[in-house]
Amino acid sequence: MIRILTASLIALASLAAPVPSQAADKLSVLLEWFVNPDHAPMVIAQQRGLFAYANLDVELIPPSDASAVPRLVSAGQADIGIHYQPNLYLDHEAGLPLVRFGTLVETPLNTVTVLADGPIKSLKDLKGKKVGFSVTGFEDAMLKRMLASEGLSNDDVELINVNFSLSPSLIGGKVDATLGGFRNFELTQMKLEGHAGRAFFPEEHGVPAYDELIFVTRRDSAGDNRLTRFLHAVEQASIFITNHPQEAWQLFIKAYPSLDDELNRTAFFDTLPRFAKRPAALDQGRYQRFAAFMKETGLIKAAPPVSDVAVEIK
């Protein structure tokens, strides 16, 4: 009887003994810019241990050259890239083997911005005015469609390259409006400097709604189970941010104390409703409409099937 009891206790003890932990799967994420509140769901997933629970060791990597992100991911130098939906079509036409497999920020952030107390009250008032921009391509097409909604064309404005100095150029009077400022950053930046801005939103002036920030990977990696676990953790983090915004902000600045200022705090809460709550979900219609827009504006030669540029992983 004693031997039986002893054997049973030994068996139970072996069942209760900790199992050696399996090494977490590494996953590299190449950001489109330096870390900022747009990346909050990934930061919160790290801080709350959601990636670790999914057996992932996720590294967030700011790029040394933001324009190189799609090429680096295509070349296998990162598992995931943060990218822009409009640029994905350009990359596809250029032959890069990238697909969208998830969404980070599900609404446009782009704007045409003017001074709130200035003379421009509608897009019609831009006729004969100077518009500052940083990059060409999609933003030119966006402006063209927005102006067309008010009976104007790009020929009715003077485009001036301000080299990423959007808000200072507008505040300093060098231009009458700016193209490409993000509504969750530039408007707050201007307000903090004592110059409130007014934004015109592309999706309210003829431009189809699109995802501002998306997760991309190489097409031959779309079946990687790590991506499914990654998106699940990001989804949990996005919901946590929605339910507990103040606590989420504290976790965010704990991870990145240098971002604890008024600009980033305001941007964090302004971006909160724009995070995808179902990052894996793919809106086929939205991607079809936007591909058609890209073709209509001459940015791409042909609108690709949705399956060529985006996948929905399970």
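For this structure, a couple of remarks:
- Restricting ALA248, ALA233, ALA281 to those that are among the aliphatic types (A, V, I, L, M), surrounded by fewer than 15 Cβ atoms within 10 Å (Cβ to Cβ) and out of contact with any Cys (no Cβ under 9 Å at 6 or more places or on another chain) reduces the list to ALA281.
- Filter result for GLY298 (open to solvent by 40 Å² or more (accessible area, probe 1.4 Å), out of contact with any Cys (no Cβ under 8 Å at 6 or more places or on another chain) and either small (Gly, Ala, Ser) or not assigned by the TED database to the domain that holds PHE215 (or both)): yes
- Beta carbons closer than 6 Å, at least 6 apart along the sequence or on distinct chains, pair a first residue in region 59-86 that is within 17 Å of LEU231 (Cα to Cα) with a second that is of a type in the set (A, V, I, L, M, F, W, C) and surrounded by fewer than 21 Cβ atoms within 10 Å (Cβ to Cβ) for LEU60/VAL29; ALA78/LEU72; ASP79/LEU27; ILE80/VAL29.
- Of all residues in region 64-77, those that are open to solvent by 30 Å² or more (accessible area, probe 1.4 Å), at pLDDT 95 or above and not small (Gly, Ala, Ser) total 3.
- Residues in region 106-128 that are assigned to a loop (DSSP other than H, G, I, E, B) and either open to solvent by less than 10 Å² (accessible area, probe 1.4 Å) or farther than 23 Å from SER167 by Cα (or both): GLU106, PRO108, LEU109, ILE120.
- Being of a type outside the set (Lys, Arg), more than 14 Å from ARG48 (Cβ to Cβ) and open to solvent by 50 Å² or more (accessible area, probe 1.4 Å) holds for only one residue in ASP270, ASP211, and it is ASP270.
- Of all residues in region 148-197, exactly one satisfies the criterion of being out of contact with any Ser or Thr (no Cβ under 7 Å at 6 or more places or on another chain), in a strand (DSSP E or B) and closer than 13 Å to VAL114 by Cβ, namely LEU179.
- Sole exception among (1) in a loop (DSSP other than H, G, I, E, B); (2) under 18 Å from VAL175 (Cα atoms) for VAL131, by number: (1)
- Residue that is in a strand (DSSP E or B), touching a helix residue (DSSP H, G or I) at 6+ places or on another chain (Cβ under 9 Å) and either closer than 30 Å to LYS121 by Cβ or of a type outside the set (D, E, K, R) (or both), where the choices are ILE214, ILE241: ILE214
- Only one of the numbered conditions (1) modelled with pLDDT of 50 or more; (2) surrounded by fewer than 16 Cβ atoms within 10 Å (Cβ to Cβ) is not met by LEU12, and that is (1).
- The listed residues are THR136, THR178, and the only one of them that is open to solvent by less than 60 Å² (accessible area, probe 1.4 Å) and not aliphatic (A, V, I, L, M) turns out to be THR178.
- Filter pass, THR217 being surrounded by 17 or more Cβ atoms within 10 Å (Cβ to Cβ) and of a type in the set (S, T, N, Q): yes
- Annotation note: of LEU98, LEU170, LEU123, the sole residue that is at pLDDT 95 or above and within 30 Å of PHE230 (Cβ to Cβ) is LEU98.
- Restricting the first member to region 279-307 and to residues that are on the phi < 0 side of the Ramachandran plot and part of a loop (DSSP other than H, G, I, E, B), and the second to residues that are open to solvent by 60 Å² or more (accessible area, probe 1.4 Å) and basic (Lys, Arg), the beta-carbon pairs closer than 7 Å and six or more apart or on different chains are THR297/LYS144; THR297/ARG145; ALA302/LYS295; ALA303/LYS295.
For every residue, the table says whether it meets (1) modelled with pLDDT of 95 or more; (2) under 21 Å from the mean Cα position of the chain (by Cα); (3) among the aromatic types (Phe, Trp, Tyr).
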{"position": "PRO257", "(1), (2), (3)": "yes, no, no"}
{"position": "THR266", "(1), (2), (3)": "yes, yes, no"}
{"position": "ALA280", "(1), (2), (3)": "yes, yes, no"}
{"position": "TYR287", "(1), (2), (3)": "yes, yes, yes"}
{"position": "MET294", "(1), (2), (3)": "yes, yes, no"}
{"position": "ALA302", "(1), (2), (3)": "yes, no, no"}
{"position": "ALA310", "(1), (2), (3)": "yes, yes, no"}
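The values are calculated or read from the model by the stated rules, or taken from the named source; none is laboratory data. Only a predicted model underlies this, so the values are computations on that prediction, with no experimental measurement involved. Virtual Cβ from ideal backbone geometry, glycine too; neighbours counted across all protein chains shown. SASA here: full protein model, heavy atoms, side chains in, ligands and nucleic acids out. Shrake-Rupley method; radii C 1.70, N 1.55, O 1.52, S 1.80 Å.
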